[in-house]
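Scroll down for the structure; my scribbles are underneath it.
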Amino acid sequence: MPPPKDVVKIAIQMVGAIPQLIELQQTKPLASVLKDVCDAWSLPNAERYALQYADGRQTYITESNRRDIKNGSILRLTTSPDQEAERLYIGIQSKNVDVKTDSLKKLASLSQDVTFAQEFISRNGLKQIYSIVEEGNDTGQMLAHTLKAFTELMEHDFVSWENLSTVFIKKIVSYVNMNAVDASIQQLSLSILENMVPTSQLLFEVVRKEVPLDRLLTYLQATNAQLQLKAMALLIALLLSATDAERREMMDYLREKNIRQFIHKNIIHSSEPLGDEMAHYLYVLQSVSLNLCEHRMKMSMDPYSQEQRDLLQSLRQTAFESESEVPAGTFSTERRKSLCAKEFRKLGFMNNSNPAEDLRRAPPGLLALDNMVYFSRNTPNAYSRFVLENSSREDKHECPFARSSIQLTLILCEILHIGEPCSETAQAFYPMFFGQDHFFEELFCICIQLVNKTWKEMRATQEDFDKVMQVVREQITRTLSLKPTSLELFKTRVNALNYSEILKLRQTERLHQEETLAVPVLELREKLKPELLELIRQQRLLHLCEGTLFRKISSRRRQDKLWYCRLSPNHKVLHYGDVEEGVQSPPIESLPEKIPVADMKMLLVGKECPHTKEKSSGKQNKDVLELAFSIVHDVEEYCLNFIAPTRYEFCLWTDGLNVLLGKEMTSERTQTDLDVLLSMELKLRLLDLENISIPDEPPPVPKPPSNLNFCYDFSHAEQ
């Protein structure tokens with residue numbers, strides 16, 4: 001019979017005593033439970049004792065958390081939190097260094113428990129810790145235990161960080177800025193400052209002023225992974241607490257000091273694996289850096305800004321440099337305006353008379369203009385090639401550079417989450433971001449050339465613009481998901497992922513979504529194939545029995561002579577003969593010529609056929625090659641030559657003749673028909689399993705029962 005819900009069976013240990021196995025009544029006051037336990041071991045003063053878990057964090061048991069005790073838990077009888085707090089409070093003030101160090105070590109361990117922390121803080125214990133840090137010059141184990149205890153006590157939020165004295169803060173800062181300090185003390189000091197920064201603007205200003213960014217960069221180059229982690233945590237805390245202007249200033253300084261190289265070399269490519277916490281910090285740093293583009297992304301173009309107009313004109317001048325070198329007096333103002341409008345149209349602006357209108361949409365705003373200018377200035381050859389190549393295409397088939405750039409910038413902003421707040425848990429950073437300066441602009445340069453490449457692969461027109469950009473978004477997203485380590489690798493992979501590959505991936509994913517690639521379904525497909533192939537064979541032979549009208553072709557010209565061929569109903573003889581125009585399906589008796597199927601030796605197709613070798617080369621001959629087939633039979637190696645009226649007829653006849661010869665059907669139509677039939681048959685058979693996931697492996701067969709006594713014994717039937 002199971003125990004009542006309010007009773008748990010537990011074991012209680014004590015040093016030097018035999019453990020007790022008791023049934024803990026959850027409704028019984030904890031003080032009464034402790035008295036019973038102490039009485040069993042003949043211990044007086046039960047109020048001086050408490051229970052705590054023997055394993056794990058060794059949390060004290062209180063009335064508020066006692067319901068978390070599970071059956072089989074092992075507890076330990078120990079000194080009560082208030083007694084322990086009092087003892088350690090006195091111990092950390094001891095003049096004896098060993099006693100003081102041991103007390104601080106024990107304090108650091110017990111401070112994780114909220115009950116103990118409350119008791120210790122209530123005795124003004126933090127004041128003693130402040131004193132040890134502020135007045136002491138020790139930088140060894142005693143200081144490490146002190147800082148650890150302080151960190152754990154502050155985690156419980158009983159005391160505000162703003163209560164810290166300036167002397168204490170400067171002491172912690174000094175441990176960060178000193179070289180001759182143990183790494184564990186530096187880690188704890190960095191952690192304390194990290195927790196301090198977000199709590200108030202005043203503390204942020206103090207830490208930012210006292211801890212140079214160069215010092216944090218030094219830690220990022222250290223070989224100690226924990227030191228790197230704590231330094232990165234403090235750096236991220238400073239960046240997140242800063243104003244937009246301060247953040248931009250800090251990021252500019254870090255960029256000048258090559259922070260990306262330090263991260264790329266010493267963290268991403270270090271010998272130790274990257275932890276989840278560091279991955280999150282790298283994601284935040286990437287996000288903060290990319291969000292510096294948000295200001296330009298949300299700013300529309302101002303047509304009255306001379307600086308912005310100059311940037312716009314530079315695009316036109318770079319692309320059409322030779323045309324723009326014509327002296328100003330050569331053309332009238334109207335003629336020059338017309339020429340500029342024509343050139344802006346070639347650049348792909350929708351509003352060629354006033355291209356600034358295209359950039360008034362925000363996002364992507366001026367960020368799109370910045371990207372176009374960067375592309376034209378840093379890769380002028382690729383820029384000119386893009387524009388001039390599309391200028392020479394037909395109007396409908398030209399890929400509009402400006403329109404594509406504006407939309408691509410918006411797509412990249414969405415993919416990279418520019419303008420969105422940092423997630424508190426995300427870890428999705430891109431390693432190549434830390435391996436390249438001007439990452440966003442360089443990524444744009446690769447992707448805008450990808451747009452042109454995909455446009456040509458899709459043979460797109462202006463009406464297909466949205467479809468092309470959707471494919472480009474998919475190409476970029478899929479490649480980024482592979483986490484390429486450099487932009488060069490990204491470029492190689494994204495260019496390899498062409499339009500045809502995207503179509504294949506979409507088809508595969510659609511099949512997966514329909515669960516047609518699950519292991520049991522694939523096994524079912526294989527079992528169904530022979531039956532369905534036989535069905536296709538029968539259909540091919542039936543088509544041969546119905547017959548087809550063929551035209552005769554000579555080497556000089558297409559003749560109007562027609563002939564008909566069909567298979568006998570018993571599949572043993574091919575009947576054929578000339579027919580008149582207008583005859584649709586002549587009876588088999590009217591076809592005088594015969595070839596027994598038993599005399600057929602082989603089937604020839606395309607270039608192998610004797611009647612195609614006789615023809616002259618040309619476009620017409622190429623068309624004929626795709627439709628030609630011949631039957632070789634025993635009578636003096638004679639060939640019966642065919643030119644199928646359509647590709648469909650070619651597939652059906654060659655399949656049918658291969659069936660008669662006992663060979664496999666090889667036409668593309670066979671695979672198409674088989675796929676259609678398999679798809680239909682699978683859907684019918686899996687109809688009852690809709691919305692039910694199919695496991696990859698069958699469930700295990702249960703073992704046979706130990707006896708079969710449950711079976712009905714028919715020998716005892718009614719007499």
Taking the Cα centre of the chain as origin, sum charge times position over the Cβ atoms of Lys and Arg (+1) and Asp and Glu (-1), and report the length of that vector in debye to the nearest 20.
1480 debye
Counting other C-beta atoms within 10 Å, and keeping those with at most 12, which DSSP coil trypsin sites (Lys or Arg not before Pro) do you find in segment 21-81?
R57, K70
When a/c is below 1.5 the answer is rounded, else prolate if a/b is larger than b/c, else oblate, so apply that to segment 7-79 with a ≥ b ≥ c taken from the square roots of the Cα gyration tensor eigenvalues.
rounded
Please sort 214-220, 400-406 by packing, taking for each peptide the average over its residues of neighbouring beta carbons within 10 angstrom, highest first.
400-406, 214-220
Assuming a ≥ b ≥ c are the square roots of the Cα gyration tensor eigenvalues, decide whether the chain counts as rounded (a/c under 1.5), prolate (otherwise, with a/b larger than b/c) or oblate.
oblate
For segment 530-671, the Debye formula with one identical point scatterer on each Cα and no solvent gives log10 I(q)/I(0) at q = 0.13, 0.14, 0.19 Å⁻¹ as -0.56, -0.65, -1.22
When the Kirkwood hydrodynamic radius is evaluated over all pairs of different C-alpha atoms of segment 83-270, what value in angstrom, to one decimal, is obtained?
17.4 Å
Past the 19 Å Cα-Cα mark, which pairs from K28/K70; K527/K683; K396/K456; K663/K683; K504/K527; K572/K601?
K663/K683; K504/K527
27 Å Cα-Cα threshold exceeded, pairs from K148/K209; K100/K209; K100/K171:
K100/K209
What list of ³J(HN,Hα) couplings, whole Hz, do you get for segment 170-179 from phi and the Karplus terms 6.51, -1.76, 1.60, once you set θ to phi - 60° and write x for glycine and proline?
5, 5, 5, 4, 4, 5, 6, 7, 7, 8
Which length gain, in nm to one decimal place, applies between T492 and K683 when the Cα-Cα distance is subtracted from 0.36 nm times their residue separation?
64.8 nm
Surrounding net charge for A598, when Lys and Arg each add one and Asp and Glu each subtract one, Cβ distance under 11 Å
0
What per residue convex hull volume, in Å³, comes out for segment 52-109 when only alpha-carbon positions are used?
87 Å³
Summing +1 per Lys or Arg and -1 per Asp or Glu among the other residues with Cβ less than 15 Å from L274's Cβ gives -1
Residue-averaged 222 nm ellipticity for the chain, from DSSP H runs of 4+ at -39500 (n - 2.57), nearest 500:
-16000 deg cm²/dmol
At 7 Å along Cα-to-Cβ for each site, give me the label-to-label distance between S200 and R551 in nm.
9.5 nm
Per residue, how much accessible area does segment 83-270 have with a 1.4 Å probe, in Å²?
46 Å²
So, with a 1.4 angstrom probe, what is the percent of accessible area on the chain that is carbon and sulfur?
51 percent
How many nm is it between the label spots at R57 and Q93, if each spot is 7 Å from the Cα in line with the beta carbon?
3.0 nm
Could you tell me the calculated FRET efficiency between T223 and E256, based on Cβ-Cβ distance and R0 = 30 angstrom, to the nearest 0.05?
0.80
The aspartates and glutamates whose Cα lies under 12 Å from the Cα of K703, excluding any fewer than 8 residues away in the same chain, are none
Positive-end residue, segment 83-270 charge dipole about Cα centroid, Cβ charges, pick of A183, G136, G125:
A183
Environment charge of F344, counting only residues whose C-beta is closer than 12 Å and scoring Lys/Arg +1, Asp/Glu -1
+3
How about K337: which lysines have a C-alpha closer than 16 Å to its C-alpha, ignoring those fewer than 8 places off in the same chain?
K346
For a quick check: with amide H placed at 1.01 Å from N, whose amide H comes under 5 Å from K561's, ignoring anything fewer than 5 positions away on the same chain?
K552
At 0.36 nm per residue, minus the direct Cα-Cα distance, what do K601 and V15 gain on full extension? Give it in nm, one decimal, please.
201.3 nm
Heavy-atom surface of segment 530-671, accessible at 1.4 Å and reported per residue (Å²)
58 Å²
Rounded if a/c is under 1.5, else prolate if a/b beats b/c, else oblate: with a ≥ b ≥ c from the C-alpha gyration tensor eigenvalues square-rooted, which is segment 1-160?
prolate
Loop-located trypsin sites (Lys or Arg not before Pro) in segment 432-524 whose Cβ has at most 12 other Cβ within 10 Å (DSSP)
R459
Find how much the distance from E357 to N163 grows on full extension, using 0.36 nm per residue of separation minus their present alpha carbon separation; answer in nm with one decimal.
64.3 nm
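Below 8 Å between Cα atoms, with a sequence gap of 6+, how large is the relative contact order for the chain in percent?
With pairs under 8 Å counted, the relative contact order is 6 percent.
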With every protein chain kept in place and ligands, DNA and RNA left out, what is the accessible area per residue of segment 393-456? Probe 1.4 Å, answer in Å².
38 Å²
Taking Cα pairs under 8 Å and at least six residues apart, what relative contact order does segment 530-671 come out at, in percent?
20 percent
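The values are calculated or read from the model by the stated rules, or taken from the named source; none is laboratory data. Just so it is clear, the structure is predicted and the values come from calculations on it, not from any experiment. Neighbour counts run over all protein chains shown; Cβ positions are idealised from the backbone, glycine included. To get the accessible areas, we keep the full protein, side chains included, count just its heavy atoms, and leave off ligands, DNA and RNA. Shrake-Rupley method; radii C 1.70, N 1.55, O 1.52, S 1.80 Å.
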